[in-house]
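No lab work stands behind these numbers, since they all come straight from the coordinates. Quick caveat, the model's predicted, so the values are computed rather than measured. All Cβ positions, glycine included, derive from the backbone under ideal geometry; neighbour counts span all protein chains shown.
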Amino acid sequence: MILLLSALLGLLVAHHAVLAAEGDAGTEASAEEAESAPAPDAVKAEGESRITIALGTQRQWIDGNSQRFRQYVTPPSATHIALIEVDHPLNDEGLVFGLEAHDLLEPSAGGVGYLYEVDQGLRVDTRYRRSSYYEDFTAGADRLTRKDWRTDVRWRITPHDHLMGGYTTVDVRGGDEPWRSQTWRATYTHEMGAFDAYGGLHFEQFNFAPGSARLSGEATTWTLGFGPSRDARTLIAGNVSGVQTNLAGVGLSPSETFVTLSGFHQLTDDLTVSGDLKYWELEDAIARNAYARRERLAAIEGEYIGLWRTDIRAGWETADVDYADGRQFQVLQPAVNTTTLNVRFRPRRDVKLTGDFRRRRVDERPYSFNVAGFPATTLIHGQSDLLRFRGSWTPTFWPVGLTAGYQEDERENPEQGTGNQVITRDLSAWWSVTDDVTATLSMLNQSYSQLAPGLAGTPFAGDSRSWSLGAAWRVSDRTNFETSFTRADSFGAIELEQDIWSASVEHKWREHTLRLGVTLDDLNDYNGTLLGYDADLWYAEFATLLP
Amino acid sequence: MVALVAALIVAVLAVPPLAWSEPESGENPQAQYAEPDACGLCHRDVADEAAGRLHGAILERRAAEAKGQNCQTCHGPSQAHVENPIEVKTAWTPELLKRNTSAKMCLNCHSNQIPAITWRKGDHHSGGVQCWDCHSADRPAKAHSEFIARPNSSVCLECHREVEGLFRLNSHHPVILGTEQERVTCADCHDVHGRRSQRDWAQKCRSCHLEQRGPHRFEHGAISGRLMGSCLECHSPHGSPNANLLRFNSRGLCLQCHGDKVTHFPGPACWSCHEAIHGSNSHPQFLTP
């Protein structure tokens, strides 16, 4: 197979050599056009209609657990329409239609369509994604299909009035718990000088299959608020919203109220302060055990951006929660206090250092009850800390870049004697070997540890490590070659080793693009849980701009 | 405590006069708008770069509505610059070049999508990221290039390289996928223009994972997000060596909080019995959905 790819690569390089020898100006212009072609998600306002179509063929050889291989998506396995891209002005007044559809008619497909009108500021986007995948990897398990469809409308009615709305539907079929949801939303915004005032409605309907123990129902959300219409030294925003949820077969209709007030002020060119006040309340809760029914939150933060390219941001957030205990006999009042400190520092133009720290403490924690109904202990982590350092170096005298990071994430419940820690270390680097060749390296290591009374060692923790080496070679103006090798290992409770090698070559000439690629994906499961597989994927894709 | 901090916030915000600093109008020569076509006479290369782009087209059409649109919509009133191009810059160009004010020009038009206060309090603003660092189609970013409405996740990973390694682990959100196709983008979860509070995560996760949506008659306290980390208490959203993005394998996950259950039916994973672990409508111990 590698020989086959090498041969194809050789053919492409030879083809390029022939074209280069011809040296006609037309192909040079085409190459320029290909390089300046818009990114797939980009939009064009004016110009000629463009239609691109790509045909692809993909072959798979899978030995082992093919369902684990398809856990997120089922890739095409035969000749298929890989891409249709249309960018078509409908009239001379700026009305444009666009479409981009991937893997049409395949089990997993997706696309985006848009229509916009420059003069009137109307834009309609619709996005569709169908995913065919497995949650259960045992032989014969049901394949799930999930369809996500979202449409957004933005309309600038007048220079001061905007309407935003949309519709979203999610439909999951197969498996134990099929469900479907539909959402309609609309927000009207009116600019009044320095402020935007807005009001919105959001309606959601969610349905589980008959016989499910989950509750189907609908939720209506209304919102009223205001915010700054442009940037300024002082900014204030406020919002009130309510959610009413009706559940099938339940007498109560829980309602939530949210109130938010946010402020920002630039004291000097270097110094800013900001704050938030939030209130949340839940009424007519259906919960029969412990639940939070009210929260009052205040947060304040200061940021300094200035001397020696330093950015220091410090914040404090405190939240008082009304918490009904497990028997709903009394309301407890725990408090959550969070302190944050973020520092960014550039001692030299080519060096960037950052440090982040977050400390969270929960006071007056609610206790749980034992089976006899007596208060036992608290299950809530009293302390959680996050510490992160990152540094990057991109020297101007040598074409390399280096980034390294270290992160500690700790949680602790001293009353119970439980705690856990996750330490993550990472390193990434790139090197422009020549003007046409770039090499990359990235490494990640995560180690987990856990503490619980009576627990010997960390039998349930699985450390992990992944690293990847990659190279990109710009063979010519028209031809690019990329390859990478990735290994991801897990140790301890989970013992998996996955190797992925991939290579692809892309060649452009006139309005055509040819892509060839191979991926060799090998997963070894040393726990004997039969997750392993060995998959080879070969694909070829030919794209052309229709005349 | 909340009341104390609330009073402090109100005091801080009340001290400065609530005068909104508007862009300067035509009160001084610096604030006079030039004719819309004036810019392209000298800045031919930039005008060519912007021509045919969506931004260029919108601004060109709006130039007919009001003098001062087109290039000056972002660069500010420029008559003084046209008259004396060597010594006088366009009115807002110095601010465009500063990281803490550069977004100001974009927000003049896009504030109904991204409120200025959201951006100014956001992590990307603090990190010195400018709008065109992500929305420019030509990378490294160019301010006048094609603008992308929704950059894909590869743009995010150019800076957040450490996350890429997590996406390669045994279970991960399907964002970057060797043999697979992107199913989820970073922006589906992250508020890239602002900052998502840890308290909002449960709501966000449930927007895709509706099957875990409540309310339930019997709630699992870890998930509410008011006192604990909500979904993130048990799941590592980028990637994990364990199945289903779990932080710890099997019963080790539950021992994070339920430390007294080390010897409680040892062997199987806790959710073999407590199968409705995200919340139940029929059983207080989550034994059935």
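Could you work out the helix-only [θ] at 222 nm for chain A, with each DSSP H run of four or more residues adding -39,500 (n - 2.57) and the total divided by the number of residues, to the nearest 500 deg cm²/dmol?
It lands at -2000 deg cm²/dmol.
Placing +1 at every Lys and Arg Cβ and -1 at every Asp and Glu Cβ, with all other atoms neutral, what dipole size does the protein assembly as shown have around its Cα centre, in debye to the nearest 20? Before the final figure, lay out each step's value.
Values: 78 positive and 107 negative charges, 430 e Å.
Once rounded to the nearest 20, the dipole reads 2060 debye.
Students often check this: by mean Cβ neighbours within 10 Å, which of A:258-268, A:81-91 ranks highest, and how do the rest follow?
A:258-268, A:81-91
What number, in percent, do you get for the relative contact order of chain A if the mean sequence gap of Cα pairs under 8 Å and at least 6 apart is divided by its residue count?
Rounded, it is 9 percent for chain A.
Could you tell me which of rounded, prolate or oblate describes the stretch A:400-547, using a ≥ b ≥ c as the square roots of the eigenvalues of the alpha-carbon gyration tensor, with rounded for a/c under 1.5 and, failing that, prolate when a/b is larger than b/c and oblate otherwise?
Because a/c hits 1.5 or more and a/b exceeds b/c, the stretch A:400-547 counts as prolate.
Residue by residue through A:423-431, how many Cβ atoms from other chains fall within 10 Å of the Cβ on average?
Details: counts 0, 3, 2, 6, 3, 4, 1, 1, 0.
For this peptide, the per-residue mean of nearby foreign Cβ atoms is 2.
Collect residues whose amide H, placed 1.01 Å from N in the peptide plane, falls under 5 Å from the amide H of B:ASP138; neighbours closer than 5 in sequence don't count.
B:GLU146
Let me know the volume per residue of the alpha-carbon convex hull for the protein assembly as shown, in Å³. Show your work: numbers first, answer last.
Working: hull volume 146.8 nm³, N = 836.
It comes to 176 Å³ per residue, whole-number rounded.
Pairing the Cα long axis of helix A:25-35 with the longest principal axis of chain A, what angle in degrees results, from 0 to 90 and rounded to the nearest 10?
With rounding to tens, the tilt is 10 degrees.
State the answer as a single residue: which of A:THR396, A:ALA461, A:GLY528 lies farthest towards the positive end of the charge dipole of chain A, with beta carbon charges of +1 for Lys and Arg and -1 for Asp and Glu, about the Cα centre.
Result: A:ALA461, furthest along the dipole toward the positive end.
Explain nothing, just compute: Karplus ³J(HN,Hα) = 6.51 cos²θ - 1.76 cosθ + 1.60, θ = phi - 60°, for every residue of the stretch A:184-193 in order, whole Hz, x for Gly and Pro.
Each residue's phi maps through the Karplus curve to give 10, 8, 8, 9, 10, 10, 10, 7, 10, x Hz.
Of B:HIS190, B:HIS278, how do they rank once you tally other Cβ atoms within 10 Å and put the fewest first?
By the 10 Å Cβ count, ascending, the order reads B:HIS190, B:HIS278.
How many partner chain Cβ atoms sit within 10 Å of a residue's Cβ in peptide B:203-212, on average, as a whole number?
4
What is the set of long-range amide H partners of A:GLY110 at a cut-off below 5 Å, with H atoms built 1.01 Å from backbone N?
Long-range HN contacts for A:GLY110: A:HIS102, A:ARG130.
Hey, what's the Cα Rg ratio for the stretch B:188-282 versus the globular rule of thumb, 2.2 N^0.38 Å?
Relative to the 2.2 N^0.38 Å estimate, the stretch B:188-282 comes out at 1.14.
To the nearest Å, what is the center-to-center distance of the stretch A:163-181 and the stretch B:222-289, using C-alpha atoms only?
One Cα centre to the other: 26 Å.
Please give, to one decimal in nm, the separation of the simple spin-label points placed at A:PHE203 and A:GLU218, each 7 Å out from Cα toward the Cβ.
The answer from the label model is 0.6 nm.
By how many degrees, 0 to 90 and rounded to 10, does the Cα axis of helix A:2-22 deviate from the longest principal axis of chain A?
Value to nearest ten degrees: 60.
With 16 Å as the cut-off, how large is the P(r) tail for the stretch A:485-525, expressed as percent of Cα-Cα pairs?
55
Whose amide H sits under 5 Å from the amide H of B:TRP92, counting only residues 5 or more places off or on another chain, with H placed in the peptide plane?
Result for B:TRP92 returns B:GLY76.
List, in order, the whole-Hz ³J(HN,Hα) value for each residue of the stretch A:276-287 obtained from phi through the Karplus relation with A = 6.51, B = -1.76, C = 1.60 and θ = phi - 60°; use x for Gly and Pro.
Values per residue, Gly and Pro as x: 9, 10, 9, 9, 9, 9, 10, 10, 6, 5, 8, 5 Hz.
Starting from the Cα of B:ARG150, step 7 Å along the direction of its Cβ; do the same at A:PHE97; then give the gap between the two resulting points in nm.
So the label points at B:ARG150 and A:PHE97 sit 2.0 nm apart.
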